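One structure is given below, encoded as structure tokens.
The values are calculated or read from the model by the stated rules, or taken from the named source; none is laboratory data. The shown structure was predicted, so the numbers you read here are calculated from the model rather than taken from an experiment. Positions of Cβ are generated from backbone atoms using ideal geometry, with glycine treated the same way; all protein chains shown enter the neighbour counts.
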Amino acid sequence: MTAMPDTILIGPAEKSPARSTAARPADSLGPAIAAIGAAIALIGWADVILLWFPPDPGSPEWELGSLSATFESLPLGTLGFSALVLGLAAARARFRLLAAGIASWITTIALAAALALLLLDLPLALRMIAPELRVPMQIALGKSLGMAVVYVAIYAALGWFALRRFRRCAGAAG
């Protein structure tokens, strides 16, 4: 024979007032993550932009050096921008998500153009270097090309994510 419980509850359990009014952790952390991400992105992208000054367009050495350095300097700005987008998504900051998505797509286009320019500079760069430096230069250029492709994909994915979250926030609001 099984033992019966001493107490039987009838009716719905009472809700704690603290639970019903408390914000979800993602909601409260979202603005902080977005602010920290924006600061990191600003620092990272300032570094990238400063690589292009003073400009010397038409100089293959300057173009190749600036393009390679740009792709090597993107990790900090990309990490910050990713945190910014994720923070905005967590905070459900609708129009800021839209702005971040548009900025991400503009960055995707700019990086794709930089990749195209790097590809155009490759034959000239490989002809100009001494034979003993050819292998190290090929390795460095291969690294820059690989990074360029990955960053174009990352910024495209961030743009897609931000715009998708923007639409979800719009659907939830309406």
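Descriptive notes on the structure:
- Residue identified as out of contact with any His (no Cβ under 7 Å at 6 or more places or on another chain) and in contact (Cβ under 8 Å) with a residue 12 or more places away in the chain among Leu133, Leu79, Leu120: Leu79
- Out of Arg134, Arg168, Arg164, one residue alone is of a type in the set (Lys, Arg), at pLDDT 95 or above and either in a helix (DSSP H, G or I) or within 20 Å of Ala38 (Cα to Cα) (or both). It is Arg164.
- Those residues of region 79-131 which are modelled with pLDDT under 95 and among the charged types (D, E, K, R), in sequence order: Arg92, Arg94, Asp121, Arg127
- Residue satisfying all of: in region 35-64; in a helix (DSSP H, G or I) and among the charged types (D, E, K, R); modelled with the lowest pLDDT among these: Glu61
- Residue match in region 60-70 (condition: in contact (Cβ under 8 Å) with a residue 60 or more places away in the chain, surrounded by 13 or more Cβ atoms within 10 Å (Cβ to Cβ), β-branched (Val, Ile, Thr) and within 30 Å of Ala32 (Cα to Cα)): no
- The one condition in (1) surrounded by fewer than 14 Cβ atoms within 10 Å (Cβ to Cβ); (2) at pLDDT below 90; (3) within 24 Å of Cys169 (Cα to Cα) that Ala26 fails to fulfil: (1)
- Summed over region 130-148, residues that are under 30 Å from Gly101 (Cα atoms) and surrounded by fewer than 14 Cβ atoms within 10 Å (Cβ to Cβ) total 3.
- Condition check for Leu111: farther than 14 Å from Phe81 by Cα, surrounded by 14 or more Cβ atoms within 10 Å (Cβ to Cβ) and within 14 Å of the chain's Cα centre (by Cα): yes
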